[in-house]
Each structure stands twice: as structure tokens, then as C-alpha cells.
1. Among the listed pairs B:8/B:177; B:8/B:42; B:42/B:90, give every one whose C-alpha distance is greater than 24 Å.
2. Can you tell me how region A:112-156 classifies by the Cα gyration tensor, rounded, prolate or oblate, using a/c under 1.5 as the rounded cut?
3. What translational diffusion coefficient, in µm²/s and rounded to a whole number, does the Stokes-Einstein relation yield for region B:221-274 at 20 °C and a viscosity of 1.002 mPa s, taking the hydrodynamic radius as the Kirkwood radius over Cα pairs?
4. Could the peptides A:164-172, B:341-349 be put in order, highest first, of the mean number of other beta-carbon atoms found within 10 Å of their residues?
5. For the protein assembly as shown, with the dipole built from +1 on Lys and Arg beta-carbon atoms and -1 on Asp and Glu ones, taken about the Cα centre, which of A:27, B:217, B:183 lies farthest toward the positive end?
6. For a Förster distance of 30 Å, can you work out the FRET efficiency between the beta-carbons of residue B:341 and residue B:17, rounded to the nearest 0.05?
7. Under 8 Å for C-alpha pairs, at least 6 residues apart: give me the relative contact order for region A:6-62, rounded to a whole percent.
8. Other chains' Cβ within 10 Å of B:95-108 residues: what's the mean?
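Read-outs: derived from the displayed coordinates by stated rules, not from any lab. Here the structure is a predicted model, which is why all the values come from computation and not from measurement. Every residue, glycine among them, receives a Cβ derived from its backbone with ideal geometry; neighbour counts consider all protein chains shown.
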Amino acid sequence: MAGRPLAPRIGRAVLLAFFSALFVLYVAGPVAWLVSSSLQTEAQITAIPPNWLPPEVNFGNFDAILNAAERQVTYETRRQGDPATGGFLPSGAANLIPSLWNSLTVGLWVAALNLLLSVTAAYAIAVIDFRGRRATLYTVLATRVVPDIALIVPLFLVIRNLGLINTLGALVVTYLAITVPFTIFILISYFEGIPRDLYRAARIDGCGHWGALRHVYLPLSLPALVASLTFAFLTSWNEFVFALVLTQNVAAQTLPIVISGFVMDFTTSFSFVNAAGVIAIIPPVLMAVLFQRYIVSGLTAGAVKG
Amino acid sequence: MAAITCEKLTKRYGSVTAVDRLDLAIGHGEFMVLLGPSGCGKTTTLNMIAGLEEITDGTLRFDATDVTWQPPHKREVAMVFQSYALYPNKTVRENIAFPLQLRRTPRAEVERAVADVSEQLEIAHLLDRHPSQLSGGQRQRVALGRAIVRKPSVFLMDEPLSNLDAALRLSMRSLIKHLHQRLQATFVYVTHDQAEAMTLADRIAVMRGGLIQQLDTPDGIYSRPANTFVASFLGSPPINLVEGEIAADGRFARGALRLDLPPGAVAPGRAVTLGLRPEDVAAPAPGLASLEARVTLVSPLGSETLLEVVAPGDVALTLRVPKEWRVRHGDSMTFGIDPARLHLFDRQTEARL
């Protein structure tokens, strides 16, 4: 670089910095606003010009969420709170914390079962030579070609006839149908990247198929496994449409459903909704931070072999 | 120890037959080399013996036991791979101990066996490293260690030396031969390298197109090749093959070239291929056939000299002569050839006559 003229180098640096900043603003801006507005009162976030940073940090919204169960919400109490200052509580506020637990429960079950089902299926398709393995793979993948929205009515009928409407189990089963085919696909390409001779050596050394899976494929595909866990959990955590159709009340409703319910016909407390949003992104963020060093190599794993 | 018996062993992939009704009996403690070019079915045969490839047809026996349908981990065989196939997430110690751990061997015994094996293979100082920190030769030693630690009765080796450089290959070759002598186990060794086959084998099975072309001792294969394929696959530089026919006087004829053959070898008029090993020439002497040729290239090898010559009838030959012969490019020389050392093959069937 030493020999190159100074001006183009500076120009390049400026350009890079400018577009990086633009990109960060684009990606992180909404999140920043979410966090910032959750710490403001309703009056502060509706002010013009907007308060990009909270004029004073105010945990009132979080306080309201955590204590929503004790507050009575009636037509009168709604009116008491001045809509402009955000004393207003949506009627479903008390459901927020239970729905958080529902989301966590469903997410963890989906993550665990997804891995269990996908690992065994991917191993069978990638490693064991059986008649029809290609057909099996294509069948599994073909289920993902149908848009989810087209499946809603039949799925609702099946779940209803099984008597599973408004249960967490219904959500777990439904989400697995979304995550398993994709995870199988990712894991197959990862497994196929593991040298075949290692499998052969393990079989010779005394492993059956379970042993080869445990001693060779699982330890060597840790990044892909962690990525699969994260993917399944996040898919379950964020899913909206199926949960909306398959659940009816606090017994099984997940966080996205309850939060969306805060947008009311009379009035909507944006600061309150945003505080709930902040609570909703905490688990995924924690997960991403925890697993970040695996996730990057896991997500690219399927793309490039070797 | 175990004897391995293959009866009509067949492997088909769809319409492709990789191994075709192979009959092969490998004795107790024998060192059998499967030799052939790539795609000849030698590795498929090895994998069928290991249990890594399903057998399409035929029977495989270890001693009297039918193991045709036994999975690999029930067969008590050990295998060494060209790619070493060491578990990258395990240390050398864990790699070697792994087969024993799977057999629930007591810990103290595992430690003793690993120490013993690593001593033998001179890898004791590497036990705590991971495979990625080892050189190719060290990795192959670890792979050997993992194979011998179980004291199996059958060793299978799939081109174990092909990824090593030339010098290392020589030392590993003698290491493997020593191992065989000490362990007294049955070895089945796959290679496409004729020098490995010649030096290691008790017997060699030369394969082509899924069929065994010849099964014999190294000396038998070299000095009495069953057909032109076997003849040209072994020997470096390769055997000279000259197409011609048997003249009325019983001599080999190709254009102006005439060569004496052992009396009454083949009936006159037959179309044949003549085989002459480069080293089977000598100074002209009574009792030897003589061959006039012009030298077109001289390549000294130090211990001997390679010559490219053109004999009458425009027949190009490669010859190997003692370094003491003072030969220069362009010389015309007379060579002596012992008719008994010539090989004759049918030109149609390529089979030895």
C-alpha cells in the first residue's frame, strides 16, 4: 500500500465509513428506537421533534408489565390514565409474562426435538446407503415448497380434530414441521463434508451407526448443531401466523400474539408495546451472544464444503 | 489368525460390475497384495472383506465362519487408510485407545497397550498432540498404531503409503513388513504401486476390470506373467512388447527382426506378442541369440544405464545394461539374449504361451 497515492486511499476510507454507517443505521436503527422509546413516557415518544434518546430514563413501562397482573383494567381505569402520558394499560397486559414462559417452553422443546429428529434423519440420508435415499431427501424438502399460509386451514382442522387447539404441544409439532426439513438439509451438507474415511475407520474400530454418529459426526459438526439449535429456537420464538390460529388464550398464546394484542382499537400505548418488544428480544440476543462463534461457521457450512 | 476365503464374490453398482465372481483364498498369516490400476476393483474387494461395502453376491468366510452379512464392527478386522482417517477431535492417545475403549477394555490395560504400541512405532512423544499437528509420516504411524493396538487377526490396508513422499514410503514399507513378521497376522494390502507389491507380498493378486488376472508369488508374477497386462504392469521400466509372428524356421519375426526362441516353443505362423524385460540382455556369447541395434538415447542411473535402441524393423526397445558398458548415442551394438528369458503371448487372447 505504501506506494499508492494518498488521495484515493482517503477517498476509499471515507466511502467505506459512510456506507458502513448507513448500513448500521439501517439495521440497528429500529432496534435502537425500540430500546430508547421503551424507556420514555407516551408523551415523550409522541413529541415532535422526537426524543432520540430518553430525556430521563423511565422504567414505568417495565414496571407496568411486571405488575400488570395486580392492576385492574376497566373502562374507567383506562380513562383515568391520560392517554397522552401513558398511564394506559391494554387489557391483555397481564398475559405478557405467562406468554413469555409459553414462548420459552415451546422454543426449547422445538430446539431440542428439532435437533434430535434432524440429526438422526440427516445421518441416515447422508451416511447410510439405502434404496430411495435421494427420494427421501426430495420428499422432505418438497414439504417446504408449499407456503405456510396455504397450510393453515388444513392444519387447523387436523389440530382441532386431535383436540390440541390451544395447547403448547400443537405449536411444538407445527414448528417442527417448519424447522426439521430445513435443518436436515443443512446437516446433510455438513455431514457430507466430513471425510467418509472417518466413518469407515469408526465402523472398523468397532462403532455401529449410533457409535459413528456419536463419536464422529456429532463432535465434528458442532457449529452446524449450534446453528440448528439457534435457528429452531428463533423460528419458534418469532412465529406469528400459526400461533395466532392455533391458540386462543393465555394457556398457550406466545409472546408475539400477546404483544400484537396490545395494539387496540380504542388507543395504543406505543411505549408499552415497545417495552414488551424489548423483553421479547432479550432471549434471542442472549442466545446470539452465547453462540456467536459457532453461528458464523455454521451458517456458511452448508454453502462451501471442506 | 484367520484365513479369508472369497467365493464368487461379486459387487455390482447398478449395471456396473466392480468385482466379478472373485475367488480368492488367503491363508493364515499370509501377506496378500491386491495390485492393479485404479478402477480394477481392488479397493472394492478390500471394502467387502472389511464389511464397508455390501456384498452383492457370493460368500465371504473368515476361517469357517460365514461373515458375508456381518457388519464391520463384528468382524474383528483392522484397517489403515490412505487418508490416515485419524479422528481430528481426539489426541493421538485417544485415537489409539479408541478401538479398545469401544470394547470396554479396562482402563489400566488400555494405557498399557497404548504405551506399548506407541513405543513400537516411536510415537510416544506425540501422544498428547492432535492429528493436525503431525506430519504425514507421523499420522500414518498413528493410524498403524490404532490398527495394531487391538491385536486383530486380519489387517486391511488401502494404499497406506500413497500420500507419503518417496523416502518416507521406503521406511514405512519396511516398518509394515517388520510388523507383519512380528504380528503373524493375515494382511490384505491394496496398492497400485508394483514396487510395494513386489517387496511386501507373499502372494500378489493382479486385478483388472474386477477380475484377477494372475495370482502368484512376486517372483512368479514377474518371471512368468500370465498375460501381456500383467507383464506390462510389473517392472520398471516396463517390459518391451513386440507384435510379430512365428516364422517357418521357428524364430520370432517382425519385419527384418529375427530372434531365436527356445526350440519347439510355438507352432510356426502364429500371431504372437514377444516380451523382453529391459534387464534380460547381456554381452553376445555362444548360446545366446544376438540382436543388432542402434542406440538412440543413453540415460545413466548410476548403478546401471538405460538405453533406448532401435532394432531392425524399426522396433524401439528399452534396455538396462551394466554401467561398465561404455555406450554412446549413435553406437551400433550387438546384444546377447537368452531365449529362455523371452516371454511369448498370444496376440489375440494376450495369454501366455
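1. Exceeds cut-off: B:8/B:177; B:42/B:90.
2. It is oblate, given that a/c is not under 1.5 and a/b is not larger than b/c.
3. 178 µm²/s
4. A:164-172, B:341-349
5. Among A:27, B:217, B:183, the one farthest towards the positive end of the dipole of the protein assembly as shown is B:183.
6. On the way: r = 37 Å, r/R0 = 1.23.
After rounding to 0.05, the efficiency reads 0.25.
7. After rounding, I find 28 percent.
8. 2
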